[in-house]
Amino acid sequence: MEKEIHKQTHLTPNLPDYKKAYKGFQWEAVRTELGLVPPVNIASKAVDQHARSWRRNKVALYWEGAEGQNCKYTFYELQKESNRIGNMLLNLGVRRGDRVFVFLPRILELYTSVIGIAKIGAVAGPMFSAFGPEALRDRLLDSGAKVLITHASLRERIHQVWDELPELKHVIVVGASAPSASLRAGSGGHVPLRKGEVSFEREVEKAPRGLEVEDMDLEDPLYILYTSGTTGKPKGVVHVHHDMLSHYITSKWVLDLKEEDVYWCTADPGWVTGTVYGLWGPWLNGCSQVTFEGRFEAEHWYSIIERYGVTVWYTAPTALRMLMKAGPEVVKKYNLKSLRYILSVGEPLNPEVIRWGMEVFGLCIHDTWWQTETGAIMIANYPSVPVRPGSMGKPFPGTEAAIIDGKGHKLPPGNSGILALKVAGPLPTQGWPSMMRALWGDEKRYKEYFTIPGWYTTGDTAHVDKDGYFWFIGRADDVIMTAGHRVGPFEVESALVEHRAVAEAGVIGKPDPERGEIIKAFIVLRHGHKPSIELEEEIKEFIRHRLSAHAYPREIQFMDGIPKTRSGKIMRRLLKARELGLPEGDLSTLED
Ligand code: WTA
């Protein structure tokens with residue numbers, strides 16, 4: 001094992017004694033600390049309460065656009081803007097419980113919209129701006145979204161599938177009509193709107209600033225995020241206002257956020273990390289956040305840390321590996337002295353990356369583990385606990401993690417098995433406040449997580465050492481983790497077979513040093529089509545545009561047939577074993 005890393009921060013951690021906190025932990029105490037008296041709305045706690053306090057003029061959000069434009073937003077401004085958005089939605093007939101999806105680049109309106117939606121008790125569905133029409137259709141159709149907030153530069157994609165979405169009543173378009181401020185990124189000027197479309201700027205302008213925030217039951221839905229499994233379409237994970245307890249305390253104890261911090265979460269709210277730790281959690285703690293609309297670019301990222309004086313930084317292994325690749329010369333050009341704490345999530349954090357972090361930042365990178373389903377960090381490295389490089393750390397107070405076998409028996413240290421979290425009581429399971437309450441409209445798949453009594457099974461395999469540190473091994477299913485994105489092979493296969501030349505497709509994750517995994521597709525062509533480089537490129541582009549830029553296969557291999565089980569299921573495990581030159585395992589179910 002690598003050497004433990006001890007000195008982690010020069011400030012007193014918010015969680016000074018992990019053992020003690022774990023032992024005596026009570027959610028009730030967190031409730032009291034946050035002053036959580038239901039009925040209450042998360043937006044009142046995360047935004048309005050600060051706007052009414054001495055934090056009124058504190059910067060809530062430093063925004064930087066893709067073209068270098070930037071601005072600051074105070075808690076007061078966030079309150080005002082989100083109120084107007086809430087009123088705009090009410091004017092359009094949105095009511096408590098209705099789903100409002102958000103399909104925007106990482107611009108200010110993305111943040112204010114999500115808050116405005118929560119304020120009127122509607123359910124927000126943030127989506128990546130990289131999504132293509134298929135990905136949009138699946139999510140909007142499944143959730144029965146009534147309204148979509150999008151941007152002039154993206155609306156074309158929704159036009160392609162609107163006919164298939166009977167419940168979608170309004171599309172609100174940002175940047176279509178405004179003489180728009182530089183902030184309304186990439187504003188298209190005057191775009192003629194279609195029937196059903198309205199201008200965001202015009203509607204917001206009409207809407208009053210005063211809004212009576214809807215009082216919510218803690219169990220009322222707050223947001224839905226779609227995530228991938230092995231089979232079927234993406235599942236809509238439903239989270240509720242009660243989540244705020246987990247958001248608040250994990251941000252405080254794991255991210256170690258303090259009043260004077262400038263915090264940067266590099267994730268998009270289309271990913272759960274960006275919603276929970278790039279929006280709600282830090283703001284519940286009254287913290288100033290930075291967000292950057294643009295894509296990854298090593299120099300630009302370092303310059304953001306320097307220019308905004310970022311102190312706490314939550315990012316992902318892929319990004320860290322790309323920074324590492326960019327080389328030490330680039331780091332040296334920037335003054336990164338403001339940084340005091342770095343965290344990572346989404347994939348295994350290689351010890352090599354931690355060593356590199358120690359070298360260039362003089363700081364230890366802290367790995368954290370959680371899932372869309374768990375709604376908050378579940379296993380983590382803490383500033384007060386020595387880090388064992390390569391380990392995800394220890395369970396967050398108030399949760400019990402274990403390695404179990406298929407019958408629910410705990411396995412002794414060192415044995416690999418199913419990573420599971422203890423749950424108690426009937427479903428919807430109340431293991432901890434931010435646990436998902438449902439999969440939208442799919443009770444059957446929801447229950448599949450709880451087939452071992454007393455446990456929530458995560459889909460990951462891991463082991464635990466004798467000191468209680470958890471070590472990630474892999475996914476127990478076929479889900480692909482590419483550059484931090486969770487991609488279901490089934491979604492990609494379904495999109496592939498829609499291409500005119502593709503008869504059948506099998507999709508796997510192939511290990512990749514930079515991205516963790518890349519997507520590789522095995523394709524059988526339809527009669528009359530021949531393999532070629534041009535066709536390969538065409539298919540890649542097709543998926544990139546139809547589905548999402550995250551989900552296109554970087555490698556394609558044409559085949560005469562795809563191995564399948566007798567019942568017709570694609571044997572992805574076999575495709576993978578053959579790709580990696582591993583033993584093929586039990587082939588008794590293989591079709592002749
Ligand atoms: C993987 C992410 C290794 C894991 C917030 C999990 C990780 C899935 C780590 C959830 C980590 C997340 N080390 N693997 N520190 N963190 N994962 O829902 O397979 O997009 O089950 O949420 O990411 O992905 P999701």
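Rg and Dmax of region 379-482 over Cα atoms: what are they, in angstrom?
Here Rg and the maximum Cα pair distance are 14.2, 43 Å.
For region 389-424 and region 520-552, write down the distance between their C-alpha centroids in whole Å.
40 Å
Averaging over all projection directions, find the projected area of the Cα convex hull of region 274-323 and quote it in nm² with one decimal place. Write out the running numbers ahead of the final one.
Values: hull surface 14.8 nm².
Projected over every direction and averaged, the Cα hull of region 274-323 covers 3.7 nm².
So which chymotrypsin sites (Phe, Trp or Tyr not before Pro) in region 302-377 are both in a DSSP loop and have at most 16 other Cβ atoms within 10 Å of their Cβ?
Working: sites: TYR302, TYR308, TRP313, TYR314, TYR334, TYR341, TRP356, PHE361, TRP369, TRP370; in loops: TYR334, TRP370.
Sites meeting the loop and neighbour criteria: TYR334.
Could you tell me the relative contact order of the chain? Use alpha-carbon pairs under 8 Å, at least six residues apart, and round to a whole percent.
About 13 percent, as a whole number.
So for region 112-153, what percent of the C-alpha to C-alpha distances run longer than 11 Å? The partial results should precede the final answer.
Working: 595 of 861 pairs.
The proportion of pairs with Cα distances above 11 Å equals 69 percent.
Just how large is the dipole of region 75-241 about the Cα centre, in debye to the nearest 20, putting +1 at every Lys and Arg Cβ and -1 at every Asp and Glu Cβ?
Details: 21 positive and 21 negative charges, 74 e Å.
The dipole magnitude comes to about 360 debye.
If you take every DSSP beta bridge fully contained in region 75-241, what fraction is antiparallel? Give it as a percent rounded to 5.
25 percent
Which entries of LYS119/LYS169; LYS23/LYS410; LYS235/LYS258; LYS19/LYS466; LYS19/LYS410 have Cα-Cα distances beyond 25 Å here?
Those over the limit are LYS235/LYS258.
For region 75-241, max minus min Cα coordinate along each principal axis, in Å, sorted largest first?
45, 38, 25
Please report, to one decimal in angstroms, the Kirkwood hydrodynamic radius of region 478-580 built from all distinct Cα-Cα pairs. Provide the component values of the computation, followed by the final result.
Working: mean 1/r = 0.0735 Å⁻¹.
Hydrodynamic radius (Kirkwood, Cα only) of region 478-580 equals 13.6 Å.
Which Cα, out of HIS151, PRO126, PHE75, lies furthest along the positive dipole direction of region 64-156 (beta carbon charges, K/R +1, D/E -1)?
Final value for the positive-end residue is PHE75.
Where only protein heavy atoms count, and the probe is 1.4 Å, what is the accessible area per residue for region 478-580 in Å²?
45 Å²
List the chymotrypsin sites (Phe, Trp or Tyr not before Pro) in region 48-110 that DSSP assigns to loop (not H, G, I, E or B) and whose Cβ has at most 14 other Cβ atoms within 10 Å. Which are they? Please list the in-between numbers first.
Numbers: sites: TRP54, TYR62, TRP63, TYR73, PHE75, TYR76, PHE101, PHE103; in loops: TRP54.
Passing sites in region 48-110 are TRP54.
I need the shape label for region 221-324. Rule: rounded when a/c is under 1.5, else prolate if a/b > b/c, else oblate, with a, b, c from the alpha carbon gyration tensor.
oblate
Please identify every one of the trypsin sites (Lys or Arg not before Pro) in region 293-361 that sits in a loop by DSSP and has no more than 13 other beta carbons within 10 Å of its own beta carbon.
ARG295, LYS333, LYS337
Can you compute the charge dipole magnitude of the chain about its Cα centre, using +1 on each Lys and Arg Cβ and -1 on each Asp and Glu Cβ, nothing else charged? Give it in debye, rounded to the nearest 20.
About 780 debye.
Aspartates and glutamates within cross-link reach of LYS333: Cα-Cα under 14 Å, excluding same-chain residues under 8 positions apart?
GLU299, GLU306
Based on the alpha-carbon gyration tensor of the chain, what equivalent-ellipsoid semi-axes (square roots of 5 times the eigenvalues) come out, in whole Å, largest first?
34, 32, 25
In Å², what does the accessible area per residue of region 42-173 work out to with a 1.4 Å probe?
30 Å²
Could you give the size of the charge dipole of region 478-580 about its Cα centre, using +1 on the Cβ of each K and R and -1 on the Cβ of each D and E, expressed in debye and rounded to the nearest 20?
420 debye
Can you give the alpha-carbon Rg of region 226-276 over 2.2 N^0.38 Å, where N counts its residues?
Compared with the compact-globule rule of thumb, region 226-276 sits at 1.42.
Carbon and sulfur together cover what percent of the accessible area of region 513-592 at a 1.4 Å probe radius?
Details: 2430 of 4740 Å².
Carbon and sulfur: 51 percent of the exposed surface of region 513-592.
State the percentage of accessible surface on region 75-241 attributable to carbon and sulfur atoms; use a 1.4 Å probe and exclude ligands, DNA and RNA. Before the final figure, lay out each step's value.
Numbers: 2590 of 5550 Å².
That fraction is 47 percent.
Once you treat every alpha carbon in region 150-306 as an equal point and sum by Debye, what is log10 I(q)/I(0) at q = 0.13 Å⁻¹?
Values returned for q = 0.13 Å⁻¹ are -0.93.
The values are calculated or read from the model by the stated rules, or taken from the named source; none is laboratory data. Since the structure is predicted, the reported quantities are computational estimates derived from the model, not experimental observations. Neighbour counts run over all protein chains shown; Cβ positions are idealised from the backbone, glycine included. Ligands, DNA and RNA are stripped out before the accessible areas are found, and what is left, the full protein with its side chains, is counted by its heavy atoms. Shrake-Rupley method; radii C 1.70, N 1.55, O 1.52, S 1.80 Å.
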